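To keep things clear, I will list the structure first and then write my remarks on it.
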Amino acid sequence: MSEGTVLQRTWFGVRHPRRWMRDLCGGESAFPLIVLFGLNAVDELDRTAFGILLPEIRDEFGIDIQTALSLVALSAVAALALQVPIAQWADRTNRIPLVVSGALAWGFFSGMTGLATGLIVLTVARSGSALGKAVIDPTHNSLIADYYPIETRSRVYSFHRAANAVGAFVGPLTAGLLAYYLDWRAPFLLFVIPTAIFAVLATGLRDPVRGRWERRAAGASQEVVDTEEESPSFAESWRTAHKVRSLQRIWWSLPFLATSLIGFVALAALLYEQEFGLDERERGFAAAIAEPFALVGLVIGARIATRRFAGNVKGLIRFVASIALVTSLASAGFAFAPSIWIAVALNCVISAALAIIGPGVLAALSLAIPPRARATGFAIGSLWVIPGLAVLPMIGWVADNVTIQVGMLLLVPMFVIGSLILRSTADVIDDDIAQVWQSTAARSSVLYDRRQGTTSLLLVRGVESGYDHRRVLNGIDLHLDEGEVVALLGTNGAGKSTLLKTISGIVEADRGAIVLDGRDITHAPPNEIAAHGIVQMPGGQGVFGSLTVRENLELAGWTNRRDAAGVRTAIDEALETFPVLVDRLDDPAGNLSGGQQQMLALGMSFVMRPRILLIDELSLGLAPTIVGQLLPIVRRMAADGVTVVLVEQSVNVALTVAERAYFLERGSIRFDGPTSELLDRPDLLRSVFLAGAITDQPDESPTADDTNGDTPGPDREPGVQVDRPEVQLADHPVVRSVDVDRSGAPVLSVRELAVTFGGIRAVDGATFDVFAHEIVGVIGPNGAGKTTVFDLVSGFTPRTAGTVTLDGHDITGTSPSERARLGLGRSFQDARLFPELTVAETLAIAQERFVGSHSVMAAALHLPMVVESELQIAGRVDELVELMGLGDYRHSFVRELSTGTRRIVDLACLVAHRPTVILLDEPTSGIAQREVEALAPVVRRLRDEMGASLVIVEHDIPFVSGVSDRLIAFDQGRVVTTGPPADVLEHPAVVESYLGTSGAAIARSGGTE
């Protein structure tokens, strides 16, 4: 080796310093790493000096151990609390000014510590000095990850962490000597100088491109590698970090690990003084001796991480967790060391072990946290440390009142628990890393392509999401172009509504990427996504019931609140589209009919002026004539450049306006293409169409194989043509198993029933009868008073006039519960069940009418009468589950059920109640056409097997005409006509006010040709 060569032994062997640094940094510039190393080291000088001089500071200000540890905890809390806002700043702006200003700030507060004359000033100074840790942990760690390649992460993090060891070596040694020969204040004043020097050097740094190494690892092109994603908002980065499962587990470990480490460092100096009688200088030497072993630990840790665990992050996590367990045992030995030599030796072991742990965890996290939220991801963990710090004053109390050894011993189990939680991170970290690489590359690729004008407005890639750890969507891929109408089809429970909620941010995606106009919105909160132009109209629950119609429309303009004139114009256009709302502007939205609320929700969506409009059930609760009016509006919006995604259970309605369709089944996309091609896929459509309704030729009948085992009924005929005003009724065959006798007394008699809301006559003299074993369908336009009649008959709304008789009993003045006891059953449009109960529990509660004892005391004592009653209820639940085909859902929570299954559970509750008259309010609302077919025989079974009469409010003409013995048509609160279904549907007033001329809207559950 030539003369002048400087030798340095490292984990790379013998290298020239310059070449060594180049190898360490993977060929990248070493200047940023050196500057960050220096800043980390000078911050450690201040912190370790305070720890080693804590006995002198305690004596100076006359405080006990408990107060001293409380001061340490307060300083730590300040550092931890500041990390999140600083990290958010780092994720959104240039990080270099933050590094420089942070260094100058903590240098100032370090000098203030040396000048403190009272406990309050000292407390302020120590809290301010916490800025060092608050800046270094999130900002330095994110910078290092973006400066240096993935394969060098463990080495560069080890080098950066070596600054802590250098500072912890120089700090105690320097502080101890200066305090011994001068004063304890001198070190804090001196340490300001190197801090200022490195702060000046930091001004020469340049902020690197975030996530470039992850994109390169995923195989992206150089153009994509250099394309940095847009900065997230605070809420978005917060949600992004919380979706990293490995990060969550590390957070759970932090209250235990960090608190035990902070407590150990503080108590170690006190132990040296009280048990071994060391003065300032001797304590400085004792603490400094351990730090070279930290460097040894860093070397060993980096070597192991680089070679043994290269590409095996799971093994690396398990290794560092095992080292953490060893550390906990060494700390217990330190507390009860019989001599100063053994105590120092154990401290050396602990220092080396901790040095191995830190870089390994940091390297793993740098890979698992998405680059655009990396600083926030590092920082959020700081908040998890804060609860654990509450233990420190209690540990201090034990040290004051028992012994320091016992106080330190209490920290050991906390360290063990944290180590075990950390070890569990290995189970999920590989998946997190793969997700980061793929999604980071995908988002930057989309952003680059969007800037070049070569990609779609919205891209969804590999999205997975669900509820309460129950996955609903699996690897969803789709794209939306500007100005197109896309239909999203599938059976209930396929994941259609969940997909809309995931795109709009109501349900946060667990995996994958959602990119709008080149910007990632995967983890953005719903309000921000709405402001970006994605508007969702939820099915059946899109208005604020306590606000007036006017207030709802004005509230919808919040995304464009800076354009008051534009919002006013949009509101006027919405009212022009739905003139029925003009007369109800000052009425609470909750007083509107279900259909009118749907109109208001659509109007609110128009006012928001979306770029992408997600409509969940356009025809939900709307009369055919209104649906017919809405279809041209949807086409007009698309022509104006709005992208419309239409989730619609009526395939007729969806395919009438959509140009392209996606078909979902069990959370996966089975079809993607033009709607014309979907019509050629009977294997898919048969799951939402009625069996036999999608054949191209009327005389063709599918085989049992074609229908997946569902053989068409013998009297089933082809469905209704799209866009034809003629109404055909044979899509739901009528099976009359019970003859209706109208010669006797009716089981339900309604006479001159009326009610007024705010001067509006919602129901005006409604009169009709329902006879035994009869199914009566009720139709009429939105706002005709159909649901209000149900509310009056069931007692939920007080009447203005009229009478109601049930099975010969006048129930006009009775309460809803009394009417239920007399045999009146009622369902609602939105299947009002208890979401947190299982299906079996829901069916059990529905039988409350038949519970033998209602005594709380008897139930508490488990008396025989209660046991017998519970057994009877359980037996009846078993019967209902079997009768209604709910065996697969018996133990499922109601909130987990699809809309169609909830409808069946709702009907099962009615069966459990055993009513004589059942009022069904839009039972097909929100369920797929295939499930409408399954619902029809269930409705007849309620009549046939229970002997009940049914009154059904329904907008699905094929369904209601197929199951009903008689129809009643309402308009403006009055009965227009009644009679056989065919006669009523041909009545001129019914056609004009209700049916309209759109064949797709009329036959929403019919077939297509």
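Model label sites at Leu104 and Phe850, defined 7 Å from Cα along the beta-carbon direction, differ in position by 8.1 nm. With the alpha-carbon atoms of the stretch 306-394 aligned to their principal axes, the span from lowest to highest coordinate is 50, 38, 15 Å, starting with the largest.
For Ile952, neighbours were defined as the other residues whose beta-carbon sits under 9 Å from its Cβ, and their charges (Lys and Arg +1, Asp and Glu -1) total -3. Of the residues Leu420, Leu325, Leu247, the one with the fewest other Cβ atoms within 10 Å heads the list, and the complete ranking is Leu420, Leu325, Leu247. Semi-axes of the equivalent ellipsoid of the stretch 27-433 are 34, 24, 19 Å, computed as sqrt(5λ) over the eigenvalues of the C-alpha gyration tensor in descending order. Here the extension length gained between Leu119 and Trp341 equals 76.4 nm, from 0.36 nm per residue of separation less the Cα-Cα distance. Residues of the stretch 753-777 with an amide N closer than 12 Å to a point placed 7 Å from the Cα of Asp586 along the Cα-to-Cβ direction: 758-759. Each residue of the stretch 943-959 was assigned a 3J(HN,Hα) from its phi angle through the Karplus expression (A = 6.51, B = -1.76, C = 1.60, θ = phi - 60°), giving 6, 6, 8, 9, x, 8, 9, 10, 10, 10, 8, 7, 9, 7, 5, x, 5 Hz with x at Gly and Pro. Here the spin labels are modelled as points 7 Å beyond Cα on the Cα-Cβ line, and at Leu547 and His809 they lie 4.3 nm apart. Rg over Rh for the stretch 812-889 works out to 1.01, using Cα positions for both radii and the Kirkwood form for Rh.
What the phi angles of the stretch 748-755 give under the Karplus curve with 6.51, -1.76 and 1.60, with θ = phi - 60°, is a coupling list of 9, 10, 10, 10, 6, 6, 8, 7 Hz, glycine and proline written as x. In this structure the amide hydrogen of Glu665, modeled in the peptide plane, comes within under 5 Å of the amide hydrogens of Arg670, none closer than 5 places in sequence on its chain.
Between Tyr180 and Arg821, the contour length at 0.36 nm per residue exceeds the alpha carbon distance by 221.8 nm. Counting every other Cβ atom within 10 Å of each residue's Cβ, Phe169, Phe319 order from fewest to most as Phe319, Phe169. Qualifying trypsin sites (Lys or Arg not before Pro) in the stretch 342-428, where qualification requires a DSSP coil assignment and no more than 15 other C-beta atoms within 10 Å, are lacking entirely.
Sequence-distant or interchain residues sharing an amide H contact under 5 Å with Leu950, placed H: which? Result for Leu950 returns Glu774, Ile775, Val776, Ile918.
Phi angles across the stretch 387-392 convert, under the Karplus curve 6.51 cos²θ - 1.76 cosθ + 1.60 with θ = phi - 60°, into 3J(HN,Hα) values of x, x, 5, 5, 6, 4 Hz, Gly and Pro given as x. Taking Cα centre as origin and charging only the Cβ of basic (Lys, Arg, +1) and acidic (Asp, Glu, -1) residues, the dipole magnitude of the stretch 27-433 rounds to 980 debye. With K and R counted +1 and D and E -1, the other residues having a Cβ less than 11 Å from that of Arg471 yield a net charge of 0.
Using Cβ contacts closer than 10 Å as the measure, can you line up Phe264, Phe378, Phe757 from fewest to most?
Phe757, Phe264, Phe378
For a modelled paramagnetic label at Ala745, 7 Å from Cα along Cα-to-Cβ, the residues of the stretch 762-776 in reach, with backbone nitrogen under 14 Å, are 770-772. Which whole number in µm²/s is D for the stretch 756-907 by Stokes-Einstein, with the Kirkwood Rh taken over Cα pairs at 4 °C and 1.567 mPa s? Here the translational diffusion coefficient equals 71 µm²/s.
Once the Kirkwood radius over Cα pairs is known for the stretch 309-452, the Stokes-Einstein relation at 10 °C and 1.306 mPa s delivers a diffusion coefficient of 89 µm²/s. Sorted from greatest to least, the principal axis extents spanned by the alpha carbons of the stretch 198-297 come out as 63, 36, 26 Å.
Shape summary of the stretch 556-616, radius of gyration then Dmax from alpha carbon positions: 11.7, 32 Å. Spacing of the modelled spin labels on Asn474 and Asp983, each 7 Å from Cα toward Cβ, amounts to 5.3 nm. Amide hydrogen proximity for Gln536: with H placed 1.01 Å from N in the peptide plane, the residues at 5 or more positions away or on another chain lying under 5 Å are Leu614. A Förster radius of 51 Å combined with the Cβ-Cβ distance from Arg890 to Val209 puts the calculated FRET efficiency at roughly 0.40. As a size descriptor, the averaged projected area of the C-alpha convex hull of the stretch 866-911 was calculated at 3.4 nm².
Each Lys or Arg adds one and each Asp or Glu subtracts one; over the other residues with Cβ under 9 Å from the Cβ of Pro149, this totals 0.
Read the figures in this text as sums done on the coordinates, not as results from a lab. This is a predicted model, so every value here is computed, not measured. Every residue, glycine as well, gets a Cβ built from its backbone with ideal geometry; the counts of neighbours run over all protein chains shown.
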